[in-house]
Amino acid sequence: MTLTVRVISPDKTVWDAAAEEVVLPSTTGQLGILSGHAPLLTALDTGVMRVRPDRNQGWVAIALLGGFAEVEQNEVTILVNGAERGDSINLEEARSAFGEAETRLNQVQQGDRQAQIQATQAYKRARARFQAAGGLI
């Protein structure tokens, strides 16, 4: 039996297909979903979702920018602020953006809380895109 998986961002549907397995970046850690999973509603962190369409295919990586996932009756509905398939991300651009975000995060002044939050969010987004593109594993 398979799962029906939908990843929906405000501007497009990024994934709408059957899958054997899904690994989500929940706010409490990685969460694996197989068919027959108990009903679940969870918050998602910025990170990489991995989908395996079937046992004979490899994993598909999708960068998620936070949101929610609902699992019910072998349907996984993922509503996110933004999402991008790893195979559509330019690896070198993602690597460069990740390096810049990491540098910016390391240079933020300790007392400037707002700048720290913004730099951390930019770093997490850049890291997720770089991982989804195949950079960091």
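The values are calculated or read from the model by the stated rules, or taken from the named source; none is laboratory data. If you're wondering where the values come from, they're calculated on a predicted model, not measured in any experiment. All Cβ positions, glycine included, derive from the backbone under ideal geometry; neighbour counts span all protein chains shown. Each accessible area value is taken on the protein alone, full model and side chains, heavy atoms only, with ligands, DNA and RNA left out. Shrake-Rupley method; radii C 1.70, N 1.55, O 1.52, S 1.80 Å.
Among residues of the stretch 43-69 that are among the polar types (S, T, N, Q), those with a beta-carbon under 9 Å from a residue that is open to solvent by less than 50 Å² (accessible area, probe 1.4 Å) and part of a strand (DSSP E or B) at least six positions away or on a different chain give the pairs Thr46/Pro25; Thr46/Ala63; Thr46/Leu64; Thr46/Gly66. A single entry from Ala69, Ala83, Ala94 fulfils the requirement of being more than 21 Å from Leu44 (Cα to Cα), surrounded by 19 or more Cβ atoms within 10 Å (Cβ to Cβ) and of a type in the set (Gly, Ala, Ser): Ala94. Scanning the stretch 46-61 for residues that are within 14 Å of Pro25 (Cα to Cα), of a type outside the set (Val, Ile, Thr) and open to solvent by less than 50 Å² (accessible area, probe 1.4 Å) turns up Gly47, Met49, Ala61. Considering Gly111, Gly135, the condition of being open to solvent by less than 50 Å² (accessible area, probe 1.4 Å), without any contact (Cβ under 8 Å) to a residue 60 or more places away in the chain and of a type outside the set (Phe, Trp, Tyr) is satisfied by Gly135 alone. Just one of the numbered conditions (1) open to solvent by less than 30 Å² (accessible area, probe 1.4 Å); (2) assigned to a loop (DSSP other than H, G, I, E, B) is not true of Gly36; which one? Only one criterion in (1) open to solvent by less than 30 Å² (accessible area, probe 1.4 Å); (2) assigned to a loop (DSSP other than H, G, I, E, B) is unmet by Gly36, namely (1).
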